[in-house]
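Take a look at the structure below.
The values are calculated or read from the model by the stated rules, or taken from the named source; none is laboratory data. Everything numeric here is computed off the predicted structure, so don't read it as measured data. All Cβ positions, even for glycine, are placed from backbone atoms using ideal geometry, and neighbour counts span all protein chains on display. Remember, those area values only see protein heavy atoms, side chains included, never the ligands or the DNA or RNA. Shrake-Rupley method; radii C 1.70, N 1.55, O 1.52, S 1.80 Å.
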Number of protein chains: 2
Amino acid sequence: MTSLTDTFAALSDPTRLSLVEKLLTRGELPAGTLASEADISAPAISRHLKVLREAGVIQQRVQGTHRYYSVRPEALRTVNGWTMDHRAFWAGSLDRLDDLLALDPEGDDT
Amino acid sequence: MTSLTDTFAALSDPTRLSLVEKLLTRGELPAGTLASEADISAPAISRHLKVLREAGVIQQRVQGTHRYYSVRPEALRTVNGWTMDHRAFWAGSLDRLDDLLALDPEGDDT
DNA sequence: TCCTTAATTTGCGCAACAGTTAATTAACAG
DNA sequence: CTGTTAATTAACTGTTGCGCAAATTAAGGA
């Protein structure tokens, strides 16, 4: 089992979050594509992918010499679940009324 | 402005996540209470609180010699917003994802 | 076999992080 | 002013994280 903090740690690096966003928007991608589009070396990307995989954020599919990566839905569900556990706290607050109304225009007694 | 990765980084430490959970469930608390309940020194807690504050996760209210801390709703909204941006990817059961997304709004709990 | 391509692992340097104890700042009471 | 309490900052130490270049593993083609 990977903990919630492990997931947050995996997503706390800009390079890794960028990798995850790519996989989310474009689906499964090979390591080579991810590495060639990044501005750091391939070994560095490989390490980031390993961190993400060990945190349970992404999964690997091997085909020949290629390794295809994709996001594990469970990881995002876990993060979402944590925020939802405390939804009553942040959804009902008027800390930033404008943002709240922008997210949920009919959320109050209009 | 604090980035999403800064928020994730702030929440990636078990001690800090624990502090945030305490503030979420019990509301505003002074630094002393948080420090006395932790198993590490007060200075260490103080630093964690500083990290959380600089990441925009918590806020501070000063009253006399006491510093009261509480969670900023905006922080949790931001995290929730990120998961919601990719909701189509992770929501629903894996094998029925496409079907679920194709269903109309009244389809899931009747 | 030999060579190329894909990707990872290794070795190394450096910066950042998390913990400690000691010192400091700040508010308040006597 | 002096002392007490609350909390933070300072100084130091060990560990972890991230980058690179070089070496290594693995699959496939001539």
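Provide the buried accessible surface between chains B and A in square angstrom, both chains summed, 1.4 Å probe, rounded to the nearest 100.
2900
For the ranges A:62-70, A:4-12, what's the packing order if you count other beta-carbon atoms within 10 Å of each residue, average per peptide, and put the highest first?
Top to bottom by mean Cβ count within 10 Å: A:4-12, A:62-70.
Rank-order A:35-46, B:20-31 by packing density, defined as the average count of other C-beta atoms within 10 Å over each peptide's residues, highest first.
In descending order of packing, they fall as B:20-31, A:35-46.
Under a plain spin-label model, where a point goes 7 Å from the Cα along Cα-to-Cβ, how far apart in nm are B:Ala42 and B:Arg61?
So the label points at B:Ala42 and B:Arg61 sit 2.2 nm apart.
Output, in nm with one decimal and in ascending order, the distances from the A:Ala88 label point to the matching label points of the other copies (7 Å from Cα along Cα-to-Cβ).
3.3
Residue by residue through B:14-21, how many Cβ atoms from other chains fall within 10 Å of the Cβ on average?
2
Based on Cα positions only, what radius of gyration and what Dmax would you give for region A:1-88, in angstroms?
Just the Cα atoms of region A:1-88 yield Rg and Dmax of 13.3, 49 Å.
Along Cα-to-Cβ, 7 Å out, sits the label point; list in nm, shortest first, how far the one on A:Glu21 is from those in the other copies.
3.0
B:Asp39 label points, 7 Å along Cα→Cβ, one per copy: pairwise distances from this copy to the rest in nm, shortest first?
From this label point to the equivalent ones elsewhere in the assembly: 4.2 nm.
Near A:Gly81, within a Cβ-to-Cβ distance under 11 Å, what is the net charge of the other residues, with Lys and Arg +1 and Asp and Glu -1?
0
Enter the mean number of other protein chain beta carbons within 10 Å of the beta carbon of each residue in A:71-82, as an integer.
Shielding by partners across A:71-82 averages 5.
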